[in-house]
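The values are calculated or read from the model by the stated rules, or taken from the named source; none is laboratory data. Since this is a predicted model, take the numbers as computed values, not measurements. Cβ placement follows ideal geometry from the backbone for every residue including glycine, while neighbour counts extend to all protein chains displayed. Remember, those area values only see protein heavy atoms, side chains included, never the ligands or the DNA or RNA. Shrake-Rupley method; radii C 1.70, N 1.55, O 1.52, S 1.80 Å.
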Amino acid sequence: MLIAYLKIVTRKMFNKYLLIIVISFCFFVCGFVNDRNEDYKKINKLNLCSIDLLDSCLSIDYQKNILNINLKNRDPVQNPINGHPIGNGTMGTMVWTTDSSVEFQINRVDVFAVNKNHEGKMDDPSTDYCGGCGRISINLGSNSFTKEKFSHHLNIYEAKDAIIGQNISVRCFISAIQDLMVVEVDDRRDIPKPIEVVLSMWKDSKVENKGHVASYQLGTKNDAVFLTQEFKEKKYYCTSALMARVIDGSTSIQKNNQNSIVITTPPGKGKKTILISTAASFNIKNNAEAEALALLEKMQLKTFDTIYIEHTNWWKDFWSQTFVDIASDDEQPDLLERVRNLHLYYMASTSRGALPPKWNGSLFVVDGDTRLWGSQFWVWTTESMYLPLYAADAIELTDPFFNMYLSQLKEAEIAAKQRWGVDGAFYPETAPFDGPVILPEDAAQEYQDVFLGRKENTKLSEYVRDLGSFEGHLYCESRKEPPNPVGRYSWASHVVSSGAEIAMQTWWRYRYTCDEDWLLNKAYPLLKGVTEFYYNFSKRDNNGTFYIEGTNAHEDFWGVKNSIMDLAAIRGVVPLAIHASEILGVDENLREKWQFFLDHLSPYPMGYEPGSKSLEKGCLSDDVWSAGYRGEVDGSHNSEDVWLNPVFPFEDWTLETHIPSMDSIVQKIVDLVPRQNSILNGDNCNTAIRSPIATIRAGRGELLPELLTNYYEAFDPLPNGMSLFEGVTAQSIEFLGIISTAIQEGLLQSISPRPGQPEVINVFPAWPKKWDVSFKLLARGGFIVSASICNGEIQTVLIESRYGETCRFRNCWTGHNVTVESEGKEQIYDEEILIFDTKPEGIYKIERVLEAY
């Protein structure tokens with residue numbers, strides 16, 4: 001059968017590691033195109049034409065796809081935040097140099113100085129910190145690294161960092177398998193110098209603050225040096241251990257002072273291997289020091305290369321899961337493809353532990369305990385990092401995110417009752433890693449009176465104010481003087497939609513994995529809790545219509561009635577709770593109540609309605625949705641383009657909805673939202689808005705190149721791809737995944753006409769015509785989708801069904817019949833949406849029927 005021409009742009013011809021998207025086939029190479037900009041890896045692109053796909057399909061060399069994001073410094077960095085990040089998901093460090101040393105600050109995701117019951121204040125740098133385990137300096141002698149001869153290269157594909165100086169080189173990695181960093185120093189100097197491994201801490205050995213005690217100890221054991229620290233307060237306990245050992249040749253150990261201890265090797269040519277291990281625990285019965293030492297004892301029996309092979313095998317498997325390969329003569333697609341790959345690298349390096357990484361600094365803080373925004377988690381910034389991981393088939397990396405928030409469900413249920421007086425689950429936008437504080441009943445009543453406007457926040461008793469001085473949500477109300485003359489409202493005080501955002505992601509994970517155990521034990525309890533919260537929190541007017549009053553449309557509009565954020569959250573989450581209940585066969589008695597709630601919910605407020613127009617900047621136009629009706633507070637405080645929340649993340653409108661009135665409103669809002677327009681105009685923005693994702697969800701692929709490029713530049717990115725948009729000590733990764741998510745949504749959407757209905761797979765729904773691209777991504781329903789577009793023409797689409805669900809595929813060749821072929825059988829379709837049954841692990845080839853057919 002004659003097959004349409006297929007162009008695949010790869011930059012990926014590596015002799016090893018050819019991983020097959022569906023099944024193997026042979027390449028016929030037609031020609032090479034020009035090299036890339038020298039700032040990235042110069043990699044040849046291949047034109048693959050006239051490939052017979054009857055018995056074969058696309059193969060990709062994944063290593064070459066990743067090489068273009070390698071980080072290279074040609075000069076020693078002047079600032080540690082410009083170093084190279086390495087990590088294994090639990091343990092991580094930035095790698096930087098001085099003229100005589102290689103520097104590391106070792107951090108972990110599960111080390112917190114305090115928990116939710118801390119008696120101190122939020123953002124107090126003496127107690128509100130996390131992550132840091134200690135500092136390692138490897139001193140090699142003066143002038144080891146100079147501008148005349150220097151190279152610092154991070155290989156992203158293998159997660160290995162290498163530094164080359166004056167006849168001396170250092171290579172290092174953090175094992176993807178163990179909490180172990182391996183460093184190899186190769187001294188080839190004519191006159192070798194001693195090598196010093198310095199383990200140090202930046203603070204006093206013991207710090208007390210009210211009932212909180214932070215202490216650490218330096219010592220030696222079995223030719224290793226260690227640094228252990230403990231944090232205690234009431235019933236809270238956390239400990240960490242950092243150990244280092246040189247395993248080649250003789251060494252001497254000396255304690256420099258109370259803050260540092262040194263391993264010294266005698267001068268000598270050749271290679272020396274340094275092992276650095278960590279451990280941590282919240283259980284006072286666990287011995288982190290013994291655990292870290294046991295790991296050193298075990299791993300010193302292996303060579304650098306043996307540990308390295310185990311490490312790289314994990315990373316090769318990770319990179320083989322999906323890819324996006326964009327082709328164009330300009331630099332924009334190179335940049336955006338690089339951003340996506342780098343985000344996946346950062347998440348794989350930071351999100352495999354017991355807790356998610358902090359967005360402000362992650363595992364790569366470099367200045368001791370200094371971390372702007374403290375140790376608490378914001379739902380908005382934390383969840384954003386995870387948005388690209390579903391389609392990227394890296395769902396296992398979401399485990400820490402869900403583990404943290406789902407473990408807080410009981411506390412969230414108590415918080416709903418204590419703070420708002422209703423049943424259900426309430427997740428504060430800002431809270432410690434172990435969730436919201438459980439208050440004594442008298443204190444809970446005072447805070448509830450403030451949140452609901454029955455008492456001025458300045459009238460809180462001192463006893464109650466002290467109880468709310470640390471946990472972020474209570475801290476909003478515990479300050480005597482608000483930041484603005486707005487009474488009880490502040491940035492996160494009345495944001496009640498955060499739990500719904502987490503619940504949406506639990507549903508997405510279910511739909512990507514089709515895991516009913518996950519739905520029963522993880523997703524549904526949260527969907528139910530959020531639905532119950534909104535049902536009980538809402539009020540009814542004289543007409544029987546449910547409405548929401550006195551909440552924030554996130555950080556944008558405060559104290560509004562019928563916030564578009566809350567109405568979108570209800571319309572997005574409640575249908576999912578109903579559908580999940582049906583799938584699981586539980587809570588039949590609740591479904592009718594929830595459906596009644598939906599059927600009688602207030603419509604989105606319109607700009608022409610009295611009250612909504614008085615929101616300063618709150619009405620983009622009379623004939624589109626407004627942010628809500630004005631309450632006690634007027635004006636926009638931090639423009640986040642909240643009008644697009646029904647599009648993303650809550651999916652009350654998608655490209656499959658096809659309701660003309662909603663269609664026109666969404667498209668007009670995309671054109672009008674202020675923060676996105678500021679990005680398109682080249683203005684800087686100071687927060688990670690999600691407008692680019694919603695814009696691409698709306699099918700506006702013509703905006704993708706300029707929008708995402710300007711969005712990238714607006715955050716003043718560092719050379720390593722991180723950004724300081726929230727402060728010098730709060731660097732974040734890839735602007736929290738927004739660009740990566742938008743790219744993937746431009747290539748593949750698997751969305752429902754209405755929340756909870758079956759999804760439809762749509763390839764290239766919002767992709768710029770000028771960019772050729774090939775991709776392999778995961779769609780909801782467990783479908784691996786591979787496709788390419790060349791000169792504006794969509795080529796063959798391949799779908800692998802993991803779980804055997806019914807596939808719904810929007811005909812991407814408008815006006816043409818298509819064939820679906822599997823196991824030698826072929827069926828012709830002429831519908832807009834192809835619906836066909838699949839088998840687990842079945843492969844389905846979809847092609848346009850050519851006129852000659």
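Of the numbered conditions (1) more than 29 Å from Met404 (Cα to Cα); (2) outside any strand (DSSP E or B), Ile138 satisfies every one except a single condition; which is it?
Among (1) more than 29 Å from Met404 (Cα to Cα); (2) outside any strand (DSSP E or B), Ile138 violates only (2).
Just one of (1) within 18 Å of Met504 (Cβ to Cβ); (2) crowded, with 18+ Cβ neighbours inside 10 Å; (3) of a type in the set (A, V, I, L, M, F, W, C) trips up Phe546, so point out which.
(1)
Looking only at the range 150-186, filter to residues that are of a type in the set (A, V, I, L, M) and assigned to a loop (DSSP other than H, G, I, E, B); which one of those is farthest from the chain's Cα centre (by Cα)? Quick ask: steps written out before the conclusion?
Residues of the range 150-186 that are of a type in the set (A, V, I, L, M), as a first pass: 154, 156, 159, 162-164, 168, 170, 174, 176-177, 180-183, 185.
Still in the running and assigned to a loop (DSSP other than H, G, I, E, B): 156, 159, 176-177.
Working: Ile156: 18, Ala159: 18, Ala176: 19, Ile177: 21 Å.
Checked the range 150-186; the qualifying residue farthest from the chain's Cα centre (by Cα) is Ile177.
Residue check: is Gly424 out of contact with any His (no Cβ under 9 Å at 6 or more places or on another chain), closer than 20 Å to Tyr534 by Cα and open to solvent by 10 Å² or more (accessible area, probe 1.4 Å)?
yes
Looking only at the range 646-656, which residues are touching a residue at least 40 places away in the same chain (Cβ under 8 Å) and either under 10 Å from Gly572 (Cα atoms) or under 19 Å from the mean Cα position of the chain (by Cα) (or both)? Let's see the steps before the verdict.
Narrowing the range 646-656 to residues touching a residue at least 40 places away in the same chain (Cβ under 8 Å): 646-652, 654-656.
Once the filter is applied, which keeps residues that are touching a residue at least 40 places away in the same chain (Cβ under 8 Å) and either under 10 Å from Gly572 (Cα atoms) or under 19 Å from the mean Cα position of the chain (by Cα) (or both), the range 646-656 yields Pro646, Val647, Phe648, Pro649, Phe650, Glu651, Asp652.
With respect to Ile659, is the statement that it is open to solvent by less than 30 Å² (accessible area, probe 1.4 Å) and either in contact with a His (Cβ under 8 Å, 6 or more places away or on another chain) or aliphatic (A, V, I, L, M) (or both) true?
Criteria not met by Ile659.
So, in the range 188-210, exactly how many residues are of a type outside the set (A, V, I, L, M) and under 20 Å from Asp223 (Cβ atoms)?
Final tally of qualifying residues: 3.
Exactly one of these conditions fails for Ile136: (1) modelled with pLDDT under 95; (2) open to solvent by less than 10 Å² (accessible area, probe 1.4 Å). Give me its number.
Among (1) modelled with pLDDT under 95; (2) open to solvent by less than 10 Å² (accessible area, probe 1.4 Å), the lone unmet condition for Ile136 is (1).
Residue check: is Asn115 surrounded by fewer than 23 Cβ atoms within 10 Å (Cβ to Cβ) and either modelled with pLDDT of 95 or more or in a strand (DSSP E or B) (or both)?
So Asn115 fits the description; yes.
Select from the range 771-803 the residues that are polar (S, T, N, Q) and either in contact with a helix residue (DSSP H, G or I) (Cβ under 7 Å, 6 or more places away or on another chain) or open to solvent by 20 Å² or more (accessible area, probe 1.4 Å) (or both) and list them in ascending order.
Asn791
Anything in the range 211-228 that is over 28 Å from Lys302 (Cβ atoms) and either of a type outside the set (A, V, I, L, M) or free of Cβ contacts under 8 Å to residues at least 12 places away in the same chain (or both)? List them, or say none.
Gly211, His212, Ser215, Tyr216, Gln217
Does any residue in the range 804-831 that is free of Cβ contacts under 8 Å to residues at least 12 places away in the same chain and surrounded by fewer than 11 Cβ atoms within 10 Å (Cβ to Cβ) come within less than 7 Å, Cβ to Cβ, of a residue that is charged (D, E, K, R) and not in a loop (DSSP other than H, G, I, E, B) six or more places away or on a different chain, and which pairs are these?
Qualifying pairs under 7 Å: none.
Looking at the structure I just gave you, is Trp594 hydrophobic (A, V, I, L, M, F, W, C), within 16 Å of Asp556 (Cβ to Cβ) and part of a helix (DSSP H, G or I)?
Here the answer is no, as Trp594 does not meet what is asked.
Within the range 728-753, how many residues are small (Gly, Ala, Ser) and open to solvent by 20 Å² or more (accessible area, probe 1.4 Å)?
We begin by selecting, within the range 728-753, every residue small (Gly, Ala, Ser); these are 730, 732, 737, 740, 742, 746, 750, 752.
Keeping just the survivors that are open to solvent by 20 Å² or more (accessible area, probe 1.4 Å) gives none.
Total meeting the criteria: 0.
Assess whether Lys522 counts as being part of a helix (DSSP H, G or I), open to solvent by 30 Å² or more (accessible area, probe 1.4 Å), closer than 28 Å to Ser801 by Cβ and in contact (Cβ under 8 Å) with a residue 60 or more places away in the chain.
yes
Show the residue pairs meeting these rules: Cβ distance below 7 Å; 6+ apart or different chains; first residue within the range 491-506 and under 17 Å from Glu549 (Cα atoms); second residue charged (D, E, K, R).
If the second residue must be charged (D, E, K, R), the pairs left are Trp491/Glu555; Ala492/Glu429; Ser493/Glu477; Val495/Glu429; Val496/Asp566; Ser497/Asp566; Ser498/Glu429.
Given the condition more than 24 Å from Pro525 (Cβ to Cβ), at pLDDT below 95, among the aliphatic types (A, V, I, L, M) and open to solvent by less than 10 Å² (accessible area, probe 1.4 Å), answer yes or no: does some residue in the range 615-629 qualify?
yes
Looking at Asp671, Asp641, Asp663, which is the one that is among the charged types (D, E, K, R) and under 25 Å from the mean Cα position of the chain (by Cα)?
The conditions single out Asp641.
Considering only residues that are open to solvent by 20 Å² or more (accessible area, probe 1.4 Å) and not polar (S, T, N, Q), look in the range 238-257 and name the one that is farthest from Asp186 (Cα to Cα).
Quick first cut of the range 238-257, residues open to solvent by 20 Å² or more (accessible area, probe 1.4 Å) only: 247-257.
Within this subset, residues satisfying the condition of being not polar (S, T, N, Q) are 247-249, 253, 255.
Details: Ile247: 14, Asp248: 12, Gly249: 14, Ile253: 21, Lys255: 25 Å.
Restricting to residues being open to solvent by 20 Å² or more (accessible area, probe 1.4 Å) and not polar (S, T, N, Q), the top hit is Lys255.
I'd like to check something: does the range 380-390 contain any residue that is of a type in the set (A, V, I, L, M, F, W, C) and surrounded by fewer than 22 Cβ atoms within 10 Å (Cβ to Cβ)?
Within the range 380-390, not a single residue is of a type in the set (A, V, I, L, M, F, W, C) and surrounded by fewer than 22 Cβ atoms within 10 Å (Cβ to Cβ).
Restrict the check to the range 422-436 and report whether at least one residue is closer than 20 Å to Trp491 by Cβ and in a helix (DSSP H, G or I).
No: the range 422-436 contains no residue that is closer than 20 Å to Trp491 by Cβ and in a helix (DSSP H, G or I).
Being at pLDDT 95 or above and assigned to a strand (DSSP E or B) is the filter here, so list the residues in the range 733-765 that pass it.
Listed by number, the residues that qualify are Leu748, Gln749, Ser750, Ile751, Val760, Ile761, Asn762, Val763.
Return a yes/no flag: does the range 390-404 have any residue that is of a type in the set (S, T, N, Q) and within 22 Å of Leu708 (Cα to Cα).
Looking for residues that are of a type in the set (S, T, N, Q) and within 22 Å of Leu708 (Cα to Cα), one finds none in the range 390-404, hence no.
Here is a list: Pro768, Pro719. Which entry is more than 20 Å from the chain's Cα centre (by Cα), farther than 30 Å from Glu805 by Cβ and either surrounded by 19 or more Cβ atoms within 10 Å (Cβ to Cβ) or modelled with pLDDT under 95 (or both)?
Testing whether each residue is more than 20 Å from the chain's Cα centre (by Cα), farther than 30 Å from Glu805 by Cβ and either surrounded by 19 or more Cβ atoms within 10 Å (Cβ to Cβ) or modelled with pLDDT under 95 (or both) leaves just Pro768.
Considering only the range 119-128, state which residues are open to solvent by 10 Å² or more (accessible area, probe 1.4 Å) and of a type outside the set (D, E, K, R).
In the first step, residues of the range 119-128 are kept if they are open to solvent by 10 Å² or more (accessible area, probe 1.4 Å); the result is 119, 121-126.
Across the range 119-128, the qualifying residues are Met122, Pro125, Ser126.
Counting only residues that are polar (S, T, N, Q) and at pLDDT below 95, how many does the range 342-359 have?
Counting residues in the range 342-359 that are polar (S, T, N, Q) and at pLDDT below 95 gives 0.
Conditions (1) under 33 Å from the mean Cα position of the chain (by Cα); (2) part of a loop (DSSP other than H, G, I, E, B); (3) at pLDDT 95 or above; (4) on the phi < 0 side of the Ramachandran plot, marked per residue:
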| position | (1), (2), (3), (4) |
| --- | --- |
| Val197 | no, no, yes, yes |
| Trp202 | yes, yes, yes, yes |
| Gln217 | no, no, yes, yes |
| Thr220 | no, no, yes, yes |
| Phe226 | yes, no, yes, yes |
| Thr239 | yes, no, yes, yes |
| Arg245 | no, no, yes, yes |
| Asp248 | no, yes, no, yes |
| Lys255 | no, no, no, yes |
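Condition check: among the aromatic types (Phe, Trp, Tyr), without any contact (Cβ under 8 Å) to a residue 12 or more places away in the chain and under 30 Å from Cys514 (Cβ atoms). Does Phe533 satisfy that? Even if it seems obvious, please write down each step before you answer.
Working: among the aromatic types (Phe, Trp, Tyr): yes; without any contact (Cβ under 8 Å) to a residue 12 or more places away in the chain: no; under 30 Å from Cys514 (Cβ atoms): yes.
No.
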